[in-house]
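Read through the structure below, which is laid out as structure tokens, and then see the notes.
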Amino acid sequence: MLRESARMAHLFDPLTIRDLEFANRVFVSPMCQYSSTDGLPNDWHLGTRAVGGAGLVMTEATAVLPEGRISPQDLGIWSDDHVEPLRRIVRFIHEQGSVAGLQLAHAGRKASTRRPWEGHGAVPESEGGWKNVMAPSAIPFTESYPMPQALTRDGIREIVAAFAAAARRACDAGFRVIEIHGAHGYLIHEFLSPLSNQRHDDYGGSFENRTRMLREVVQAVRESWPKSAPLFVRISATDWVEGGWDLEQSIALARELTQLGVDMIDCSSGGSLPHAKFPVGAGYQTPFAQRIREEADILTGAVGMITSPAQAEHIINTGQADAILMAREFLREPYWPLSAARELRQSVSWPVQYLRAAPGDAHARVPVDLDRLKSCFEEQHAIPERYSSNSVL
Ligand SMILES: Cc1cc2nc3c(=O)[nH]c(=O)nc-3n(C[C@H](O)[C@H](O)[C@H](O)COP(=O)(O)O)c2cc1C
């Protein structure tokens, strides 16, 4: 069923997931901006890419706890204070006809590190770093990264609850998509990969045990997030290292996540080891999206070195994935969908302010129809009791 409909699809066709319609299949991939103070967003965040006409504009990795930030300057959603400034950004994105999505994250053993343009490795406490860097096992990413503490069961439970609380806040802020960040060597991926997870309890060892933390996070978020709204999970489909996490495990995981109410797997790769070698090139991760889509029967997003309209259209049109996520190309060209649609001779809406520059057949932007999901968001009054911070899972 999935495959049949996608074979016919084009890049700028709408995509419906649960009760939400995306105007097209060009999604902005999450990108850290390292530009927050106390996790709060500011005017730097996101607006341009909505003007550019992406179907989904996703935030950067947004920390569910302060110690789950990658750098001290990461975006966060660990307190109610984060909701109002996010709401303002979300409102703008929806007015532009793009759906606003939020990526929920915990950096695990890669936390408390420098933002890229200020060097590498751990940030000392004197410069805003922190001591409580947590991971499945006490193994640092590299020698220059913080030595993490192995999480206790209570610690895991608190993080799962923090994901649920963050999902609730994302809902309050008006986001309509959540993506759980389970990739790139951050906390959830650290549990998945036998290279970073060397626990001997029921969170380590077997596939079932290593995937437990992610399954618990998914369940907690799904229960705190409206039933009619989409939930995505980003994974690293492979560690690119013998003996690590691999595509076969990703397919098995995707099958389980479908059962737990995940709608799309965003298929990235790598990040768990500093020196893993992988064949970076045009569309190099797209085969993962295709295999997972075919074998787990779930919607997938393709990401990684997708830059040209013809390449993106081909991926969608041949049913390799259901959406394209682009990161760096959106930094180079925030209005990529506008020029890509023109090149592909497909239709995309333009901001009314820009219509005089648009091709003759362009139509004016229509804000996202929030009413369709309103009642379901209003019903979500609270985090389910079992995920409130003082209850036991
Ligand atoms: C500046 C920058 C920041 C990024 N931050 C995140 C992030 O917060 N979360 C995430 O899942 N991926 C992040 N990524 C990875 C991208 O989402 C994407 O997967 C990767 O860049 C490959 O896509 P591309 O070839 O289109 O750039 C980041 C990439 C860049 C360039």
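Every number in this text was worked out from the coordinates using simple rules, so none of it is lab data. Small disclaimer: the values here were computed from a predicted structure and weren't measured. Neighbour counts are summed over all protein chains in view; Cβ atoms, including those assigned to glycine, are modelled from backbone coordinates with ideal geometry.
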| task | Quick one: check the C-alpha center-to-center distance for segment 47-82 versus segment 304-339, whole angstrom. | result | 22 Å
| said: Can you tell me which aspartates and glutamates have their Cα less than 17 Å from the Cα of Lys277? Leave out same-chain residues fewer than eight positions away. | reply: Asp239, Glu242, Asp246
| query | D for segment 2-387, whole µm²/s, Stokes-Einstein with Kirkwood Rh over alpha-carbon pairs at 20 °C and 1.002 mPa s: what number? | reply | 103 µm²/s
| message | Counting other beta carbons within 10 Å of each residue's own, what order do Phe288, Phe207 fall into, fewest first? | response | Phe207, Phe288
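Provide Ile178, Ile93 in ascending order of the number of other Cβ atoms located within 10 Å of each residue's Cβ, fewest first.
Values: Ile178 26, Ile93 29.
Ascending number of Cβ neighbours within 10 Å: Ile178, Ile93.
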| message | Using only Cα atoms and rounding to the nearest 10 degrees, what angle (0 to 90) does helix 247-259 make with the longest principal axis of the chain? | response | 80 degrees
| task | Could you name the aspartates and glutamates whose alpha carbon sits less than 12 Å from that of Lys227, not counting residues in the same chain fewer than 8 places away? | result | Asp19, Asp263, Glu378, Glu379
| said: Spelling out what I want: for every residue of segment 50-55, take phi, set θ = phi - 60°, compute 6.51 cos²θ - 1.76 cosθ + 1.60 (Karplus), and round to whole Hz; glycine and proline get x. | reply: 6, 4, x, x, 5, x
| field | Volume per residue of the C-alpha convex hull in segment 161-308, rounded to whole Å³ | value | 118 Å³
| Estimated Rh, segment 1-143: Kirkwood, alpha-carbon pairs, angstrom | 16.8 Å
| task | Using Cα positions and a limit of under 14 Å, work out the aspartates and glutamates in reach of Lys110, with same-chain residues fewer than 8 apart set aside. | result | Glu67, Asp74, Glu143, Glu190
